[in-house]
Each structure stands twice: as C-alpha cells, then as structure tokens.
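One structure is given here, and the rest of the page talks about it.
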Amino acid sequence: MNVSKDLVAASATPLILAILKEYDSYGYAIIKRVKEMSENQLIWTEGMLYPVLHRLEEHQLIESYLSKSEAGRQRKYYRIKESGLTELELQKKQWEIVHNALARTWNEESNS
Amino acid sequence: MFDLETQIHSWSDHLRAHGKLSDADIHELENHLRDEIEDLIAAGLTPDESFLISVKRLGNVDAISHEFAKVNTESLWKHLLVEPIDSLAKQLNRRDIALVVIFALLAGTLFKIPELFGFGLLDQDGEIKIFFIKNLSFFILPFIAAFFLIKRKSELKTWATILGIFILAAVIINVYPSFDPHHTEVLTIVHLPLFLWLVIGAAYIGREWQGSQGRMNFIRFTGEAFIYGVLVMAGVMVLFLFTMVIFQAIQIDIEKFLTEYLLIYGGFAAAMITVYLVEAKKSVVENFAPILAKIFSPLFLIIMVAFLIVMMITGNSPFMEREFLIGFDFMLALVLGLVLYVISARDIRQPANLFDYLNLALIMAALVIDGVALSAILFRLSAFGITPNKLAALGENLALLGNLAGLAWLYIGYFKKKFDFSKLIKWQTDYLYVYFIWTAIVVFIFPIVFRFN
C-alpha cells in the first residue's frame, strides 16, 4: 500500500530525529533504515530526504560532520543536537495525541 | 569497457551543470550513488548494471535539483542582504555589516583629518593634492585587509605581518622625496595599489595562502570585486548627480558639501560594500567575470587577428612611442584577464572544450603582436636611453609576456595530454609572486635607482 505523500512528509522529521537519536548516520543508511523499520512500506526518495536533512540542520536540530567510511570515502554524517532531542520529544507527544485520538475513534467504530 | 569512475564523475558534473546544487550537496548525492552501487554490486550485479539502476533510483537530475532548489532558493538571494536562516550565520552577517559601516566611516574620517590641521584636499589651483592621490590606497586598503583578517580569524602573527607591510610601505612612500618631472612618483602612484592589493590577497586567502586553490579564489574575488565595484560606484555617482540637480532646482548650491563629504564617504563606503557583497555572495550566485570573459574573448580574438593581417598586408610596423607600449601592455593584461577568468570558472576534470582552444588562439595572437611591438621598443630603448617610464612599461610587458607564454606552453602540453589542467592553475597562481615582486620593485626600488626624478 502506498502511504500518502502528505503523511510521508509529515512523518519525515520525527523519523529522522528518532533514527539519529539511536546513532549518527548518513543519507543512504537513513533511507535503508526507514525501509527496514516500515517493513518496506515507506520508501523515501533522495530528493525528499536530503532537503529535509538540510532544513533540520539549518534549524539547528541536527548537525553534520565529515567522516571517512570503511571504503575510505569522505561521507557526510548527521548527529542529533540537544534542541533536536527536545523537538523529538515534542513531536512524540503530538503524534501520540493524533494516534490516541485515531485509535479511540476507530475502537468506538468497531464496538458499536 | 565500462569505467565506473568516469561515469560517476560525468553524472556529478551533470548535476553541477544544473547549477542549483552546492558542491556539498553534490558530494553528498555522489556518495549516496556510490553506496547504492556498492550494495548492488555486492548483491551480484555488474558495475554497469548497478550504475544504471542506481542512477535511475536517484531519479532524474531535474527532479532532484528541483527538490533541492526549494531549500536552496530560500537562501539564494536572501544570503546577500536579508538575514540568513540559521542564527550563527545571522550573527556573523550582522557583524560583517557593522564592520562595513564602521570601516567606511573610519576611512572617510581619516581622509578628512589632514583638513582639520589646515591641510586641505585641494591646492590653490583647485587640484587634488598629490599627497592624497599617492596615499589614497592607505586610506581604504588596510580596512579591507582588516575586514578579511577578522573574517578569517587570523592569528596575531598574520595581523602583524600584513599591517606591518602597510605601515612600512606608507612610511617609505612618504619619506621618499620627489623631484621634477616626478616620473618615479607617478609610477609609484600607479603601482602601489596593485602591490597592496596583492598584500590584501594574503589576508583574503588566510592560512592556505600557499595552495593554488586559495589563490585562485582570490583571483575570482578580484574579478567579481572589480565588476561589483564599478556598479556600486556608478550608483554613488548617480546619487551624487541626482542630489546636485534637485538642489540646484531650488537654487541651493551644495556641490561643496557633496564633493567634500558624499563623494569621499560614499567612495569609501562603496569599496567596503563591494568587498562585503562579493564575499557574501561567493558561491551563491554565479560569477559574472567568467561570463563577460566568455562573451568578449572571441571578439578580441577577431580584432587581434584582423590587426595582424592588416599589419602584414600594409607592412606598417607599430610606431613605438611609450604610449603605444603601454597600449600593448594593456592588450596583454586584457588577454590575460580574459584567459584567466575563463580558466577560473572551469572544472578541472572537464575535457578540453572550445573555450580552451579559443584561449590558446588568443594567447598566440597576443604573443605575436607583442613580439613585433617589443622588437620595436627594444630598438628605441637602446637608441634613446632608459627612462623610468620606459623601463616600467617594458618590465610590465615582459612579466605579462612570460605569464602568457607559460600558459600557452602548458595549454599545448595539456592538449597533447602530457599533463592535466591543474598544472595551468598552479602556474598561474604561482605567477602572482612575479607581479608582487615586480610591483614592489617599481614602488620601492625605482625611486632610488632613478634618484627620485
């Protein structure tokens, strides 16, 4: 099933922040991780991911640094910052509100 | 035979050509492509299959650059004047603007100080005093140098060296006497700004002043600063004329105020603003100097070839007055500028293109014309004796000639695939030393040699 574009866009920030909270990562690995966690349901494109990463960086939620990969290539890694962690907590709460509301209404539907 | 490296390079060049992506973006995407390819190869695909699939997955270049542009356009023009988005850059930008304002005011006020002590700008005949013309560079260039020293967070040692050179130069220039007919003094006036500009180069480049990359950036900066400077100065002149005319309409003559304040402060401010703008825009907007160079290099080539043909048909050899030699110096400098700015915008990895051949043709034509001119001046020089002006013009000619001849030789080697393009860049950036030394000789040694005449 295809997840709608708007929903993908809205969930991008919390997903990225959550992944970076686990460990520092780079673009290609983030896309792979999202694919893995969503059981192949969420396939992000590069054209979507990098602009979001750069925007988060501009907003000082994450920061980037260059580091050598195993193959000896310079790779741009991203690391979550203190403000990013706060933002993640905030987003979590917001998503919980939405999630709870949806869950309740759907439960009522099935109960009635 | 499929060469993966070349394919990846041409892919990223293609991205670069689209212009909307920064180098860092491209680097990141290229890495992404490589990761994808590696994974596919590990899964058992051949390199060419992996490359094709990965490129396809990344999507077409238009779509990518369009997505990126959404982020980048926000910063494109805003970077210039409106506040950048992230707060650190915002603070730095505010500091830079403050520096520009303070330095412009300081430079203007410094220029006015001698007047307080009865040493006015103009002499009895209404001409600007030679002191101000000679020292004009010292009123503004140290501030530009300081601007870059602050921006680059230079160490104390660099500060001391660069300001030391400025002070030393100022002292020497003003201690030197000058006797009629003031030839060496005029030469100093012409060469001093060039010399000091190269000193600013050291401040601009900062720590990497020995690498050709930094010096090339300074050459780019010089070209852009020149173009922006002319535009900003034109704005100041329009403001000047406009103010004068409307006040004249109500019978108030404010020309004195305008020339003594608006022009002086405006001029210094124009210089500082130019430096700030060019520095701020750096890679955000496409450089203008290379575009001008590309437009005019074919035209200059046509004129020069036409000149050569006419000279050969009529048999008229150039009549060697000093003015003409200076004219030929200008021709060489122009050709060098055209060639240089075409090179400056060039991607080193790119294969030779039309403009490289045009460059070589242009250099060759210039060398032939100058060869003819030089033989004439050398004859005259030996017949009529040496004057400082002739020697300076000759020295310039030889310096430029050496520069262009070296470029031509390297170009030919490059076309023959003997070495790669970076060698041309290295030659050109190393050659800055020659100009530095030559201008220093004219400014500081010539007056002594020619007994301050």
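Around the amide H of A:R75, modelled in the peptide plane, lie the amide H atoms of A:S67, A:K68, A:S69, all under 5 Å away and 5 or more residues distant in sequence or on another chain.
Inter-chain Cβ neighbour count for A:24-31, averaged per residue, equals 3 (cutoff 10 Å, partner chain atoms only).
The string of couplings for region B:211-221 from the Karplus curve (6.51, -1.76, 1.60, θ = phi - 60°) is x, 6, 4, x, 5, 4, 4, 5, 5, 4, 4 Hz, one whole number per residue in order, with x for Gly and Pro. Contact order for region B:101-206, expressed relative to its length and based on alpha carbon pairs under 8 Å spaced 6+ residues apart, stands at 35 percent. Less than 12 Å apart at the alpha-carbon level, and either on another chain or at least 8 residues along: which aspartates and glutamates does that give for B:K90? Leaving aside aspartates and glutamates fewer than 8 places away in the same chain, those within reach of B:K90 are A:E58. Modelled label positions at A:E39 and B:L367, each set 7 Å beyond Cα in the direction of Cβ, lie 7.3 nm from each other. Proximity of backbone amide H atoms, modeled 1.01 Å from N, is registered between A:S25 and A:Y78 at under 5 Å, excluding neighbours fewer than 5 places apart on the same chain. The mean sequence separation of alpha-carbon pairs under 8 Å and at least six residues apart, normalised by the residue count of region B:289-420, gives a relative contact order of 38 percent. Taking 28 Å as the limit for the C-alpha separation, the pairs A:K5/A:K68; B:K134/B:K294; B:K56/B:K418; B:K151/B:K426 exceed it in the case of A:K5/A:K68; B:K134/B:K294; B:K56/B:K418. Counting only other chain Cβ atoms within 10 Å of each residue's Cβ, the peptide B:256-263 averages 0. Can you list the aspartates and glutamates whose alpha carbon sits under 17 Å from that of B:K417, skipping same-chain ones fewer than 8 residues off? Filter leaves B:D347, B:D356.
A Förster distance of 60 Å, applied to the separation of the beta-carbon atoms of A:T86 and B:M233, puts the FRET efficiency at 0.75. Listed by chain and number, the lysines placed with their C-alpha closer than 18 angstrom to that of B:K390 amount to none; residues fewer than eight positions away on the same chain are left out. Estimate the FRET efficiency between B:Q248 and B:S10 by the formula 1/(1 + (r/R0)^6), using the beta-carbon distance for r and 41 Å for R0, to the nearest 0.05. My answer for the efficiency is 0.10. The ranking of B:L362, B:L338 from fewest to most other beta carbons within 10 Å of each one's beta carbon is B:L362, B:L338.
Using a cutoff of 8 angstrom between alpha carbon atoms and counting only pairs six or more residues apart, the relative contact order for region B:179-314 works out to 24 percent. On the basis of the beta-carbon distance and an R0 of 56 Å, A:A9 and B:R207 show a calculated FRET efficiency of 0.85.
For the peptide A:49-62, the mean number of other protein chain Cβ atoms found within 10 angstrom of a residue's Cβ is 4. Among B:F111, B:F103, the ranking by other beta carbons within 10 Å of each residue's beta carbon, starting with the fewest, stands as B:F111, B:F103.
Residue order for B:D329, B:D96, fewest other beta carbons within 10 angstrom first, comes to B:D96, B:D329.
A short reminder: the numbers here are calculations on the coordinates, not readings from a lab. Values in this document were obtained by computation on a predicted structure and should not be read as measured data. Don't worry about glycine lacking a Cβ; one is built from the backbone with ideal geometry, like all the others, and counts go over all protein chains shown.
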